[in-house]
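The structure under discussion appears below in the form of structure tokens.
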Amino acid sequence: NAGVTQTPKFQVLKTGQSMTLQCAQDMNHEYMSWYRQDPGMGLRLIHYSVGAGITDQGEVPNGYNVSRSTTEDFPLRLLSAAPSQTSVYFCASTERAGYGYTFGSGTRLTVV
Amino acid sequence: LAKTTQPISMDSYEGQEVNITCSHNNIATNDYITWYQQFPSQGPRFIIQGYKTKVTNEVASLFIPADRKSSTLSLPRVSLSDTAVYYCLVGDRAAGNKLTFGGGTRVLVKP
């Protein structure tokens, strides 16, 4: 099993550009989440999903959109990139709420 | 979600036992305690989860006293590869999608 796969691993954007961070899991997990981690900080929840077609906002949702059309995929879209969105983004999934999450290896995003 | 307090950093030596205590004074009846490990440039990795008393797996042990206002993650006989940040999370399993990561404890294992 590949687990949670995130692409790309690295990305540089110019201010105002949009892009989509991809996240896919092959474990048939219903629950998926997106986090961002700024240098030296803990992770902050951006958006999460409890199943296909169901998404909700986390702690820091502004500037980001998500969709969940399939169980496997949970893409994160940056609408208009800003330097404040420079961070490492992690996608995670779990079979059931509250159980241990499996995290992807992250996408390091720099907005200039 | 209950707020947690952990030491910012700890140093240890190879072969020693490392104990990291997490305070969660306002833990709720339905809350579970979960620990994650994060290496540099990697996503967090689930280590262990418990509700009360003691839980042990192949990686660590989790000790939770009767009042559940704190918990201790114990890493036996650490090696250099255990150098990482360790996060303590407390929350209701029903709210599991809203994991709140604090600053964590940076553990440095020295030779």
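Odds and ends about this structure:
- Candidate set from segment A:6-27 (those that are within 19 Å of residue B:45 (Cα to Cα), of a type outside the set (A, V, I, L, M, F, W, C) and in contact with an Asp or Glu (Cβ under 8 Å, 6 or more places away or on another chain)); member that is surrounded by the fewest Cβ atoms within 10 Å (Cβ to Cβ): A:26
- When each of B:44, B:40 is tested for being open to solvent by 60 Å² or more (accessible area, probe 1.4 Å), within 14 Å of chain A (Cβ to nearest Cβ) and either out of contact with any Cys (no Cβ under 6 Å at 6 or more places or on another chain) or not small (Gly, Ala, Ser) (or both), the lone residue that passes is B:40.
- Residue that is farthest from residue B:51 (Cα to Cα) [pool: residues in segment A:85-97 that are modelled with pLDDT under 95 and open to solvent by 10 Å² or more (accessible area, probe 1.4 Å)]: A:95
- Each residue in segment A:34-49 was checked for being open to solvent by 10 Å² or more (accessible area, probe 1.4 Å), of a type outside the set (D, E, K, R) and modelled with pLDDT of 90 or more, and 3 of them qualify.
- Failed item in (1) modelled with pLDDT under 95; (2) crowded, with 18+ Cβ neighbours inside 10 Å; (3) not small (Gly, Ala, Ser), with residue A:54 passing the rest: (2)
- If you filter segment A:98-107 down to residues that are outside any loop (DSSP other than H, G, I, E, B) and within 10 Å of chain B (Cβ to nearest Cβ), you find that the one that is surrounded by the fewest Cβ atoms within 10 Å (Cβ to Cβ) is A:102.
- Residue check, residue A:110 touching a Leu at 6+ places or on another chain (Cβ under 8 Å), open to solvent by 50 Å² or more (accessible area, probe 1.4 Å), part of a strand (DSSP E or B) and β-branched (Val, Ile, Thr): yes
- Taking the criterion of being hydroxyl-bearing (Ser, Thr, Tyr) and facing chain B (nearest Cβ under 7 Å), the only residue of segment A:40-60 that qualifies is A:48.
- Every pair of residues 6+ apart whose Cβ atoms lie under 7 Å, when the first sits in segment A:65-82 and is under 18 Å from residue A:103 (Cα atoms) while the second is of a type in the set (A, V, I, L, M, F, W, C) and in a loop (DSSP other than H, G, I, E, B): A:66/A:74; A:68/A:52; A:68/A:74; A:71/A:52
- Residue that is farthest from residue B:23 (Cα to Cα), among those in segment B:52-95 that are of a type in the set (Lys, Arg) and open to solvent by 30 Å² or more (accessible area, probe 1.4 Å): B:77
- Strands (runs of 3 or more DSSP E) enclosed by segment B:26-108 - at least 1 residues per element that are within 16 Å of residue B:4 (Cα to Cα), touching a strand residue (DSSP E or B) at 6+ places or on another chain (Cβ under 7 Å) and hydroxyl-bearing (Ser, Thr, Tyr): B:31-38, B:70-75, B:84-92
- Only one of A:77, A:68 that is of a type in the set (Lys, Arg) and open to solvent by less than 30 Å² (accessible area, probe 1.4 Å): A:68
The values are calculated or read from the model by the stated rules, or taken from the named source; none is laboratory data. All of these numbers come straight from a predicted model, not from anything done at the bench. Quick reminder, even Gly has a Cβ in these numbers, built from the backbone with ideal geometry, and neighbours come from all protein chains shown. Only protein heavy atoms, including side chains, enter the accessible area calculation; ligands, DNA and RNA are left aside. Shrake-Rupley method; radii C 1.70, N 1.55, O 1.52, S 1.80 Å.
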